[in-house]
Amino acid sequence: MALIRKRRLTEQQQRRIQKQHQTRQEELDTSNDLEGLVVQHYGRQLEVQALSAPEKHPSKPIVAAGEPEPFWKPIEVGSVWRCHTRTNLEALVTGDRVKWQADPNTGLGIITAIHPRKSLLTRPDRYHKVKPVAANVSLIVIVFASFPEVAPSLIDRYLVACADAEIPALLVLNKADLIQENDPILDLVKEYRDLGYEVMQCQSTGEVSVSALAKRLAGETVAFVGQSGVGKSSLINAIVPEAAQKTNIISENSALGQHTTTSTRLIAFGEGAALIDSPGIREFGLWHLDLAKVQHGFPEIENLLGHCQFRNCTHKHEKQCALRQAVESGEILQRRLDSYLRLIDEITEAQQKN
Ligand SMILES: Nc1nc2c(ncn2[C@@H]2O[C@H](COP(=O)(O)OP(=O)(O)OP(=O)(O)O)[C@@H](O)[C@H]2O)c(=O)[nH]1
Ligand SMILES: [Mg+2]
Ligand SMILES: [Zn+2]
């Protein structure tokens with residue numbers, strides 16, 4: 001009996017606490033909210049960079065002579081604050097623009113509102129849930145290199161993800177110092193250029209300048225993606241040395257299946273630009289997309305769809321298949337058709353399971 005009573009009380013208490021919490025949240029005065037940018041998140045806490053400062057800054061408490069100085073963090077543009085979010089807000093991600101309040105007495109903040117997103121980059125996690133990765137990205141840099149060995153089908157997947165999120169892609173061949181004469185990776189560069197994609201060549205270590213890349217990224221919110229070890233963090237460090245992103249020797253991490261970068265972080269860069277570093281991805285499932293979305297990632301194939309003899313052509317063995325004929329005439333690449341068909345199979349299979 002005592003036990004049941006106790007439990008009921010606890011539930012009641014919980015409800016009361018919840019209600020108090022809710023009213024406190026509703027009572028928040030939001031008229032002096034600041035503008036901010038989510039630069040990183042750790043579970044339920046986020047880090048927000050101040051994009052504005054209060055018109056009237058709260059004044060520092062006055063202490064009597066001999067008393068210890070209390071903690072005090074001034075609210076300055078550019079300062080970074082650990083924040084909680086108001087309970088009624090949707091999940092926030094790196095890159096989100098928010099309204100927030102800062103408490104100089106504790107150094108903590110509370111996010112009160114989120115601005116509408118211009119774009120949202122997502123990826124499926126290993127539990128088959130779609131996870132948001134970064135918001136408001138305006139350009140995706142797909143980094144690849146000759147070491148670790150390039151996986152063109154992974155690049156194709158990234159391009160589909162870019163087409164799905166409607167964010168332009170820039171391909172960056174990093175580690176230019178490792179490229180040899182007649183390196184097959186240069187053929188790959190040509191293939192993507194011929195398909196209409198923008199490709200740049202870079203080196204992030206040594207004395208070579210990354211100024212051409214830095215110039216291209218000016219004003220953009222850029223997400224760096226690509227296999228672990230291709231040099232995403234190294235490139236970011238070369239462009240913004242203060243970023244001091246951890247980098248590592250591939251033999252020490254990738255070989256063990258570990259990533260050097262473990263969380264998504266945004267680094268401010270120049271006027272209104274930002275670079276987002278994220279962990280390298282080995283597998284990039286796209287089972288959650290619909291078929292039309294996949295087609296957008298293969299514009300040269302999309303152009304030919306509907307021209308096969310049979311409407312339900314599998315493009316695998318049919319004689320009068322526009323895609324297979326285009327491969328034979330050299331109009332499209334066998335490799336790209338394979339990538340495309342593999343993705344279609346993956347998605348169809350996943351949809352049949354659900
Ligand atoms: N030779 C050469 N090595 C480079 C270059 N850029 C980066 N590296 C090396 O590549 C290794 C991996 O670089 P990271 O920047 O940690 O790679 P990452 O893509 O951030 O990897 P994850 O964080 O695991 O996803 C390091 O040992 C770098 O020194 C380059 O331009 N040339
Ligand atoms: Mg990294
Ligand atoms: Zn066909």
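Worth a mention:
- Residues of the stretch 137-152 satisfying the condition of being in contact with a Leu (Cβ under 8 Å, 6 or more places away or on another chain) and not hydroxyl-bearing (Ser, Thr, Tyr): Val137, Leu139, Ile140, Val141, Ile142, Val143, Phe144, Ala145, Phe147, Val150, Pro152
- Considering the stretch 163-194, and only residues there that are under 26 Å from the mean Cα position of the chain (by Cα) and basic (Lys, Arg), the residue that is farthest from Phe144 (Cα to Cα) turns out to be Arg193.
- Inter-residue pairs, beta-carbon under 8 Å, first closer than 22 Å to Asn354 by Cβ and in a loop (DSSP other than H, G, I, E, B) and in the stretch 116-132, second of a type in the set (Asp, Glu) and at pLDDT 80 or above, 6+ apart: none
- Scanning the stretch 194-251 for residues that are within 14 Å of ligand 1 (Cβ to nearest atom), polar (S, T, N, Q) and without any contact (Cβ under 8 Å) to a residue 24 or more places away in the chain returns Ser209, Thr247, Asn248, Ser251.
- Condition check for Ala243: outside the structural domain of Leu337 (by TED's automatic domain parsing) and either modelled with pLDDT of 90 or more or in contact with an Asp or Glu (Cβ under 9 Å, 6 or more places away or on another chain) (or both): yes
The values are calculated or read from the model by the stated rules, or taken from the named source; none is laboratory data. All values reported here derive from a predicted model rather than from experimental measurement. Counting neighbours? That spans all protein chains shown, and the Cβs are built from the backbone with ideal geometry, glycine included.
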